[in-house]
Amino acid sequence: MSSKVPVLFLEVNLGKNQHERLIIYEGDVPELVVIMFARCHKLTAEKQRKLMAVVNDQLKSILPSITEDQLDQVMSSPITKS
């Protein structure tokens with residue numbers, strides 16, 4: 001059993017009534033996941049670019065964004081200082 005937490009499930013329409021689920025887990029590099037998925041399913045470069053754009057849009061909508069001020073606050077907290 002994997003201890004990685006999934007952050008995105010995406011049903012990808014491969015055509016000819018075929019669908020495959022792409023899953024991105026916490027800590028994954030989305031670009032690498034998309035590249036491996038595209039290779040496995042023999043997607044064209046254009047379809048891979050489109051898939052990457054969809055993945056990025058989905059991740060932006062579900063993952064909280066951090067502002068520069070918030071990042072500065074986190075980095076200057078006593079817990080993160082060494």
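Looking only at segment 30-47, filter to residues that are part of a helix (DSSP H, G or I) and among the basic types (Lys, Arg); which one of those is nearest to residue 13 (Cα to Cα)? So, considering only residues that are part of a helix (DSSP H, G or I) and among the basic types (Lys, Arg), the one nearest to residue 13 (Cα to Cα) is 47. Any residue in segment 1-17 that is out of contact with any strand residue (DSSP E or B) (no Cβ under 8 Å at 6 or more places or on another chain), modelled with pLDDT under 85 and either assigned to a helix (DSSP H, G or I) or of a type outside the set (A, V, I, L, M, F, W, C) (or both)? Yes: segment 1-17 contains one or more residues that are out of contact with any strand residue (DSSP E or B) (no Cβ under 8 Å at 6 or more places or on another chain), modelled with pLDDT under 85 and either assigned to a helix (DSSP H, G or I) or of a type outside the set (A, V, I, L, M, F, W, C) (or both).
For residue 22, the conditions (1) assigned to a helix (DSSP H, G or I); (2) of a type outside the set (Asp, Glu); (3) in contact with a strand residue (DSSP E or B) (Cβ under 7 Å, 6 or more places away or on another chain) are fulfilled apart from (1).
The values are calculated or read from the model by the stated rules, or taken from the named source; none is laboratory data. From a predicted model like this one, the values you see are computed outputs, not experimental measurements. Ideal geometry is used to build each Cβ from the backbone, glycine not excepted, and the neighbour counts take in all protein chains shown.
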